[in-house]
There are 2 protein chains.
Amino acid sequence: MGEFDLIARYFTRPARRSPLGVGDDCALLAPRPGMQLAVSTDLLVEGRHFLANVDPRTLGHKCLAVNLSDLAACGAQPLAFTLSLALPRIDEPWLAAFAQGLFALADRFDCELVGGDTTGGPLAINITIFGEVPPGQALLRSGARPGDDLWVSGTLGDARLALEASRGHVALPQEVLAAARARMDSPEPRVALGMALRGIATAAIDVSDGLLGDLAHVLERSGVGATVQADCAADLLAAGSAGFAPAPELLHELVFAGGDDYELAFTAPPSRRQEVGAAGASTATRVTRIGSIVADPGLRLLDAQGKALARRFQGFDHFRP
Amino acid sequence: MGEFDLIARYFTRPARRSPLGVGDDCALLAPRPGMQLAVSTDLLVEGRHFLANVDPRTLGHKCLAVNLSDLAACGAQPLAFTLSLALPRIDEPWLAAFAQGLFALADRFDCELVGGDTTGGPLAINITIFGEVPPGQALLRSGARPGDDLWVSGTLGDARLALEASRGHVALPQEVLAAARARMDSPEPRVALGMALRGIATAAIDVSDGLLGDLAHVLERSGVGATVQADCAADLLAAGSAGFAPAPELLHELVFAGGDDYELAFTAPPSRRQEVGAAGASTATRVTRIGSIVADPGLRLLDAQGKALARRFQGFDHFRP
């Protein structure tokens, strides 16, 4: 099987919304008049973002999910994506399972594969995703204002907990491990919540490298600081309600610096609390208020008495040893 | 230096046309009302598309040029691109030179870097590029009709000649080698010609894997066949006019199956010959009529007497051993 058969067999489906799908020099997209196009791209590399023995169905899901999560953080509606694949060899069962995981998620979000590229090489996957958002309504990192509430969606830290368990650093009961692994392998992008927060949230980001590290980008671009209530951590870790009770140090590491969460962290004025709650309810997404934006730069983690806690952990950086 | 410093130092410039540039979860593009968006993506991997010791400035040029060439083949006007980089290490002089080559070409085509991703890993570069084209005016692979002329832009085979010389298969005079290497390293995407051919060409493709292999895609999608005059080969190889006169077998291999040419192959009715010539002249791009589209499927290479030549060569396939 050659490059073009591979594309035809696994990655070509009839064009839906786009005027022209896979198989020409370019794909063609017809954005709705007046809409802005939100674009994001993510490169996943074996050994960095996933292990060689990863389940290909899971990998197909995850590499699209991380891109959908970027659209969610902008409040954009998914439209289409391109897929570049570097493959060490043509392994048909692997490709079939990868395509199955990819398209199952793509179909749920009505997001169409419109083009791509394949080559030999060390396994790497690049997806570029396109979404639509009305002009001026994209959620940006730069809009947080002093006094705003700080919110997160869903739960945090479970993906990292699964990683720590797989490294043998933590021992977990079977069902807690299974739930944590599902969080690591199959993140659920918060697309509906992001769209529901248009006009309500003042800033948003998706939590991929760890909450505090990602929040720092929001604070920097908004020119503000934040306080975060450390005692929300136990409640944010899903494994916590399943009976897993780590020591505070590990708990904080997991929840505040875990990474791979693909939840949204966002800000909104206190006057919009009810609307934030309604956005969560209407999209069946839990939302938790975890702190506040302040004028003083920097990010302070506060204990129940309002005392600042020392922070030793930091967000993920692909080039930090 | 970490991931975010790297992006800030080498790949962040003020947003120009786009409402929002590098540094948020998504970039935002505002397509002109009514225009279609042409999208293409290419993944270049060390050891496959370039060697480890490639000049990074050249690599920066080339990885954008191959994407611009896809826009050219659709007749689209370049707008913006995203860049994903997997880097084995942070090498600042390398990054500075790569960015210089990349942005020099991007600026010439007014094509803005709007977002991207960086990670550690074996060196790989993925660019996704966006261009604009009026609805219905994109040049597709599917529009060739029996009776159409078959044209190519520029010269063919010199990039492959440089490759063969670097492998020690061919000995070349110094200046012929230098010119051929320049063709291999710094292809010139035919963007202006592609745009000038809107409404004139019936089909187009960019020649990246070898003329006959790429033409086969046009023929397949158009449901037609073609004849190509083999005696045009000597004239199409730039090194030919510099005094390099290979045996016919090598000449045909270079010109018809060379690869890495990044010229346009396109079709147009004979009634439009003057307009094709004018499109070439107005964009300072040589255009050569090399054959005809016929109803019978298949691609026949004809000698000066109209007799079919045997073809042993084939287009490049990344998964063919």
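The values are calculated or read from the model by the stated rules, or taken from the named source; none is laboratory data. Bear in mind the structure is a predicted one, so any value in this text is a computation, not a measurement. Here the Cβ is made from the backbone with ideal geometry for all residues, glycine too, and neighbour counts use every protein chain on show. Just the protein is used for accessible areas: all its heavy atoms, side chains included, with ligands, DNA and RNA removed. Shrake-Rupley method; radii C 1.70, N 1.55, O 1.52, S 1.80 Å.
In table form, for the structure just shown:
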item	result
Solvent exposure of the protein assembly as shown as accessible area per residue, Å², 1.4 Å probe	38 Å²
Residue mean of other protein chain beta carbons inside 10 Å, A:43-55	3
In the A-B interface, the accessible area buried, summed over both sides, Å² (probe 1.4 Å)	5100 Å²
Largest to smallest principal axis extent of the C-alpha atoms in segment A:176-290, angstrom	38, 30, 22
Euclidean distance of C-alpha centroids, segment B:64-106 and segment A:81-144, integer Å	20 Å
Copies compared at A:P134 - label distances in nm, ascending, label defined 7 Å from Cα in the Cβ direction	3.1
Dipole magnitude (debye, nearest 20) for the protein assembly as shown, charges at Cβ of Lys, Arg, Asp, Glu	840 debye
Proximal charge balance of A:R9 [Cβ under 14 Å; K/R count +1, D/E count -1]	-3
Dipole of the protein assembly as shown, positive end: most advanced residue of B:G2, A:V191, B:G213 [Cβ charges, Cα centre]	A:V191
Those aspartates and glutamates that a straight Cα-Cα span of less than 12 Å connects to B:K307, excepting residues fewer than 8 apart in one chain	B:D231
Listed residues B:P173, B:P135, B:F98: farthest to the positive end of the dipole of chain B (Cβ charges)	B:P135
Local electrostatic count at B:D42 - Lys and Arg +1, Asp and Glu -1, tallied over other residues with Cβ under 9 Å	-2
Calculated on alpha-carbon atoms, Rg and Dmax of chain B in Å	20.1, 65
Most fluctuating residue given options B:R181, B:R221, B:R57, as computed from a GNM of chain B linking Cα atoms under 10 Å	B:R221
For segment B:210-321, share of DSSP beta bridges that run antiparallel, in % to the nearest 5	55 percent
Positions from segment B:134-164 whose accessible area shrinks by 10 Å² or more when the full protein complex is built, not the chain alone, probe 1.4 Å	B:A138, B:L140, B:R141
Charge sum, other residues only, whose C-beta stays under 15 Å from B:L163's C-beta, Lys/Arg counted +1 and Asp/Glu -1	-1
Inter-centroid distance (Cα atoms) of segment A:159-214 relative to segment A:240-254, Å	14 Å
Rounded percent of accessible protein surface that carbon and sulfur make up, segment A:166-321, 1.4 Å probe	52 percent
Packing-based order for A:189-195, A:33-39, A:95-101, using average beta carbon neighbours within 10 Å, highest first	A:189-195, A:33-39, A:95-101
